[in-house]
1. Within the chain, count lysine pairs with alpha carbon atoms under 19 angstrom apart where the residues are 8 or more positions apart or belong to different chains.
2. To the nearest 20 Debye, how big is the dipole of the range 92-163 about its Cα centre, given +1 on the beta carbon of each Lys and Arg and -1 on that of each Asp and Glu?
3. Suppose every Lys and Arg Cβ carries +1 and every Asp and Glu Cβ carries -1, with no other charges. What dipole size does the range 18-98 come out with about its Cα centre, to the nearest 20 debye?
4. Can you pull out the chymotrypsin sites (Phe, Trp or Tyr not before Pro) in the range 124-187 that DSSP calls coil and that have at most 10 other Cβ atoms within 10 Å?
5. Just subtract the alpha-carbon distance of Glu196 and Gln20 from 0.36 nm times their residue separation and send over the number in nm, one decimal.
6. Pulled fully out, how much extra length does the chain show between Glu109 and Val61, if you take 0.36 nm times their separation in residues and subtract their Cα-Cα distance?
7. Which of the trypsin sites (Lys or Arg not before Pro) across the range 1-102 are loop residues per DSSP, with 15 or fewer other Cβ within 10 Å?
8. At 0.36 nm per residue, minus the direct Cα-Cα distance, what do Ser84 and Ile216 gain on full extension? Give it in nm, one decimal, please.
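All of the numbers you see were taken from the coordinates with simple rules; none came from a lab. Source: prediction; values computed, not measured. So basically every Cβ, Gly included, is an ideal-geometry build from the backbone, and we count neighbours across all protein chains shown.
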Amino acid sequence: MNTFIFDLDGTLLPMPSQEQFLNLYFKALTVKMAPYNINPKELMDAVMAGTMAMVKNDGKVTNEHKFWNVFSEILGEDIRQLESVFEDFYQNEFSMAKEATHTNPYAKECIELLKSKGYHLVLATNPLFPRIATYNRIQWAGLNPEDFEYITTYENSSFCKPNLEYYRSILRLLHKKPEECMMIGNDVREDMCAVELGMSTYLLKDCLICPEEQDISGFTQGSFEDLLHMIQELPQLSC
């Protein structure tokens, strides 16, 4: 094993309440778009429809194109003229949603230790957000985009979790075999499905997302502190 693939939200970036995050995110976006006379409910419905379209994306276009195609179908083609306004939102007002997150010092320790030991690092956050929003959330976690060799965003991805094609596309891009990789995440459905391809997995339980009826006893699992201890035992990779 030479590659660690990390989820972001709820993993490297602790997010105790997704509902709080979404509420803060949508509130900030509604305020940002108010001067453009867009009905708040229609705006949120369009965002959710675009998001669902990305989740169901079949790989024919990027998630970015899929989102904007659906978004503009609902709100009208003129909404595309406001793409720069949305980009400015993710650069600035989007930070209001940071209140729903916090840093975990073990995250930075794990990343720094893996880098020092020569392991490849990938950030595999569900690619539903633009690059700027993803990079900002990485920084909220106390990390830097430069810590990772590859980061999935809606610009460079054509699938989403839990579609296994999302993980296959990462493997192809990195020229890695599944057995060379470990997927680390907090969501049983979206992250642990990588085991179906032959990847090792680690279920981070600090912000666990798991259907009540699902048996997770078969997954390697633990806290961030447990993960750090595991990484400390890993061998140094030769250059």
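1. For the chain, the number of qualifying lysine pairs is 16.
2. 140 debye
3. Numbers: 8 positive and 12 negative charges, 45 e Å.
Value, rounded to 20: 220 debye.
4. Numbers: sites: Tyr135, Trp140, Phe148, Tyr150, Tyr154, Phe159, Tyr166, Tyr167; in loops: Phe148, Tyr154, Phe159.
Nothing satisfies the criteria.
5. This chain segment gains 60.2 nm when fully extended.
6. On the way: separation 48, 0.36 × 48 = 17.28 nm, distance 3.67 nm.
Here the segment from Glu109 to Val61 would lengthen by 13.6 nm.
7. Listed in order of number, the matching sites are Lys56, Lys60.
8. Residue separation times 0.36 nm, minus the Cα-Cα distance, leaves 43.2 nm.
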